[in-house]
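Asker: Take a look at the following structure, please.
Each reported figure results from applying straightforward, stated rules to the coordinates on display, with no laboratory input. Here the structure is a predicted model, which is why all the values come from computation and not from measurement. Because the Cβ atoms are built from the backbone with ideal geometry, glycine has one as well, and the counts that use them run over all protein chains shown.
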Amino acid sequence: MHSAIRLACASGLAILASCADLASASAAPCVGNAQGLGVARTVEIDTTGAPGFGFEHYKSHDFLEAGEVVLTFDDGPLPSHTRTILKALADHCAKATFFPVGKLAVGYPEVLREVLKAGHTVGAHTFNHIDLAKAKDELAVEEIERGFSAVKRGAGLPTAPFFRHPFLRHSKATLEHLATRNIAIFSTDIDSFDFKVQSPEKIVDTVMKKLEKSGKGIILMHDIQPSTAKALPMLLTSLKGKGYKLVHLTAKDPVATIARFDQSIEDSVKGLPAALDTRPTSSVVKTVKTTP
Ligand SMILES: [Zn+2]
């Protein structure tokens, strides 16, 4: 973007649409849907030292240009709603970041793999979704690490070193631990409060009004909420209509999980299918002639 325009956008002197249009002149077209939101910009995050994102808590890295938004979904995967959300994103050629809960990731590995296959970024959001600010330090660390190990087990490969605290509540211990692990921490700029609202229209309204004020931001939603699944097609259309541009977050390197927590997950999911065991049972097990 031209520096004078950038300055004008940053200082709020220019109208949002102009800023957004200029910010993403190179946005790739959405094949099959001319009105699709698409991805205007992909950013790669070097998570060394646990950088924090989302101005509700962390204000050090202001990487979004005026008019840019990031879509994030927490608490999944759940087959029905996560798949509805994947369909809406695919219809708009849109990419998002998912923060799954570990126990659901190992429970629904096939859904998690669909998220990855569609090109979205996957981080983690603890194993049991407990409030880490209230937990003893040792348990908080275990929840974080078992979350990443479970997501890796469900996905079949290590995912992004991106973490969001349940209820957006951190502690000194969790921040210190994440720093030693080089895991980026995500809060939010635009909280949709979709878990409190039944009406899809109200969710869209809440997000768009907050965006009008801030002009950009990381949007927090939940892929386990039926109202969010219903709202998303409307929200993506509204974002496109108002000229907002979508930024896709990716990680420079995958997360390095810790062996003893990987083992802890293996021990607790005995009997569940391995993530990469995609061969149909008929090709693994077949009936042969019984020897008398
Ligand atoms: Zn959550």
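Asker: For the chain, what does -39500 (n - 2.57) per DSSP helix run (n ≥ 4), summed and divided by total residues, give at 222 nm, in deg cm²/dmol to the nearest 500?
Answerer: Values: 11 runs with 117 residues, N = 292.
Computed ellipticity for the chain at 222 nm equals -12000 deg cm²/dmol.
Asker: Suppose every Lys and Arg Cβ carries +1 and every Asp and Glu Cβ carries -1, with no other charges. What dipole size does the range 3-284 come out with about its Cα centre, to the nearest 20 debye? It would help to have the intermediate numbers written out before the result.
Answerer: Numbers: 32 positive and 31 negative charges, 78 e Å.
The dipole of the range 3-284 has a size of about 380 debye.
Asker: Please order 194, 74 by the number of other Cβ within 10 Å, starting at the fewest. Could you put the intermediate results ahead of the total?
Answerer: On the way: 194 29, 74 25.
Taking fewest neighbouring Cβ atoms as first place, the list is 74, 194.
Asker: In whole Å, how far is the Cα centre of the range 89-103 from that of the range 31-77?
Answerer: The range 89-103 and the range 31-77 have Cα centres spaced 12 Å from each other.
Asker: Dividing the alpha-carbon Rg of the chain by 2.2 N^0.38 Å yields what? Write down the numbers at each step before the final one.
Answerer: On the way: Rg = 20.2 Å, N = 292, 2.2 N^0.38 = 19.0 Å.
Output field value: 1.06.
Asker: Using a basic spin-label model with each label point 7 Å from the Cα along Cα→Cβ, how many nm lie between residue 139 and residue 242?
Answerer: 4.0 nm
Asker: Right, something else. Testing the spin-label approximation: label points 7 Å from Cα along Cα→Cβ at residue 80 and residue 167. State their distance in nm.
Answerer: 2.8 nm
Asker: Still on this structure, please answer the following. Which links in 210/252; 209/240; 213/240 stretch past 22 Å when you go from one Cα to the other?
Answerer: Details: 210/252 30 Å; 209/240 15 Å; 213/240 17 Å.
Flagged as over cut-off: 210/252.
Asker: Highest mean first, what order results for 140-148, 174-182 on Cβ atoms within 10 Å? Spell out each step's value before the answer.
Answerer: Values: 140-148: 24.1, 174-182: 16.8.
Ranked by mean Cβ neighbours within 10 Å, highest first: 140-148, 174-182.
Asker: Place the peptides 249-256, 120-127 in order of packing, highest mean first, counting for every residue the other Cβ atoms within 10 Å and averaging per peptide.
Answerer: Values: 249-256: 16.9, 120-127: 26.1.
In descending order of packing, they fall as 120-127, 249-256.
Asker: How large is the Rg to Rh ratio of the range 31-101 when both quantities use alpha carbon positions and Rh follows Kirkwood?
Answerer: Working: Rg = 14.4 Å, Rh = 14.3 Å.
Reported Rg/Rh (Cα atoms, Kirkwood Rh): 1.01.
Asker: I want to check the label-to-label distance for residue 110 and residue 35. Put each point 7 Å from Cα in the C-beta direction and report it in nm to one decimal.
Answerer: If labels sit at residue 110 and residue 35, their model points lie 3.4 nm apart.
Asker: Still on this model: With point charges of +1 on the Cβ of Lys and Arg and -1 on the Cβ of Asp and Glu, referenced to the Cα centre of the chain, which listed residue (171, 85, 121) lies farthest in the positive direction of the dipole?
Answerer: 85
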